[in-house]
1. Does the range 57-92 hold any residues that are touching a residue at least 24 places away in the same chain (Cβ under 8 Å), of a type outside the set (Asp, Glu), surrounded by fewer than 21 Cβ atoms within 10 Å (Cβ to Cβ) and outside any loop (DSSP other than H, G, I, E, B), and which are they?
2. Which one is nearest to residue 60 (Cα to Cα) among residues in the range 152-178 that are assigned to a helix (DSSP H, G or I) and either touching a helix residue (DSSP H, G or I) at 6+ places or on another chain (Cβ under 9 Å) or among the acidic types (Asp, Glu) (or both)?
3. Would you mind stating whether residue 243 is within 19 Å of residue 109 (Cβ to Cβ), at pLDDT 95 or above and open to solvent by 60 Å² or more (accessible area, probe 1.4 Å)?
4. Could you say whether any residue in the range 102-123 is over 15 Å from residue 204 (Cβ atoms), out of contact with any Asp or Glu (no Cβ under 7 Å at 6 or more places or on another chain), open to solvent by less than 50 Å² (accessible area, probe 1.4 Å) and not in a strand (DSSP E or B)?
5. So which residues in the range 27-79 are closer than 19 Å to residue 179 by Cα and hydroxyl-bearing (Ser, Thr, Tyr)?
6. Filtering the range 2-21 down to residues that are farther than 27 Å from residue 58 by Cβ and of a type in the set (A, V, I, L, M, F, W, C), which residue is most open to solvent (accessible area, probe 1.4 Å)?
7. Counting only residues that are of a type in the set (A, V, I, L, M) and either open to solvent by 40 Å² or more (accessible area, probe 1.4 Å) or free of Cβ contacts under 8 Å to residues at least 24 places away in the same chain (or both), which one in the range 132-174 is farthest from residue 117 (Cα to Cα)?
8. Looking at (1) open to solvent by 70 Å² or more (accessible area, probe 1.4 Å); (2) touching a residue at least 24 places away in the same chain (Cβ under 8 Å), which one does residue 24 not meet, given that it meets all the others?
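The values are calculated or read from the model by the stated rules, or taken from the named source; none is laboratory data. The structure presented is a predicted model; accordingly, all values stated were derived computationally and were not measured. Glycine also receives a Cβ, built like all others from the backbone with ideal geometry; neighbour counts cover every protein chain displayed. Side chains are part of the model used for accessible areas, which takes the heavy atoms of the whole protein and leaves out ligands, DNA and RNA. Shrake-Rupley method; radii C 1.70, N 1.55, O 1.52, S 1.80 Å.
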Amino acid sequence: MGNKVETTALMAEPFHVDFSGRLTMGVLGNHLLNCAGVHAASRGFGIAELNECKYTWVLSRLAIEMFEMPYQYEHFTIDTWVESVYRLFTNRNFRICDKDGTSIGYARSIWAMIDVASRKPADLFQLHGGSIVEYCTDELDCPIDRPGRIKVSTTDPVSVLTARYSDIDINGHVNSIRYIEHIMDLFSLDYLKDHILKRFEMAYSAESYYGDELRIYQEETAPDSFDLEIRKKIGEKEEVCVKSKVIFK
């Protein structure tokens, strides 16, 4: 598929699956981000290169929709490509295929490049003379909905936790995928035995750090469809860090 699409071959390791023997959404999310990193790095836009210029990538939105999760020991591939680039953000898509090359899922993501010191968005067209646009492609389709609007009005948290060691990544804040795992932990084993995770959306708006008190709010907006917010406590107030939509079938 040319130089614009990166394909990574993977296997569902036994320690990456849940009680059903299927790959977990958290592990799949990590795979997607790793594939995005490889694609960017091999084309001169990786984290290491950006860090030399005092920039870094941050994930803003992520939507994953799966028809079937890889089973233990099954081989699968992930394709990733950049759909479009704008001044302050870029759209990156993914396709997940089984060992026979059949599509079993897709994902959409939105990324911003920020200044490491100010944490403010930077102009993508100023990076390497704007050459990032050369890697945009419409070779592959991504036939899932874009991330939608998420709003939670409840004032009673369903879970309260404190950000600990295992939550923190190399940037010193809570890893984006750890939020997915915390959200999945809200659902009982009995519920997950009877329901298959179909779609997972994440919208990241603020960073949280070690020791932060994180409060998770959840509303069932339709049968087996949930909107969630993770807010960090700041004094007597709260700030939304993450919004999420989880849909089961």
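1. 57, 58, 59, 60, 61, 71, 75, 77, 84, 85
2. It comes out as 176.
3. yes
4. The answer is yes, given that some residue of the range 102-123 is over 15 Å from residue 204 (Cβ atoms), out of contact with any Asp or Glu (no Cβ under 7 Å at 6 or more places or on another chain), open to solvent by less than 50 Å² (accessible area, probe 1.4 Å) and not in a strand (DSSP E or B).
5. Passing the criteria: only 60.
6. Here is the first cut: in the range 2-21, the ones farther than 27 Å from residue 58 by Cβ are 2, 9, 11-15, 17-21.
Filter again for of a type in the set (A, V, I, L, M, F, W, C), leaving 9, 11-12, 15, 17, 19.
Details: 9: 83, 11: 52, 12: 0, 15: 153, 17: 27, 19: 103 Å².
Restricting to residues being farther than 27 Å from residue 58 by Cβ and of a type in the set (A, V, I, L, M, F, W, C), the top hit is 15.
7. Checked the range 132-174; the qualifying residue farthest from residue 117 (Cα to Cα) is 158.
8. Against the list (1) open to solvent by 70 Å² or more (accessible area, probe 1.4 Å); (2) touching a residue at least 24 places away in the same chain (Cβ under 8 Å), residue 24 comes up short only on (1).
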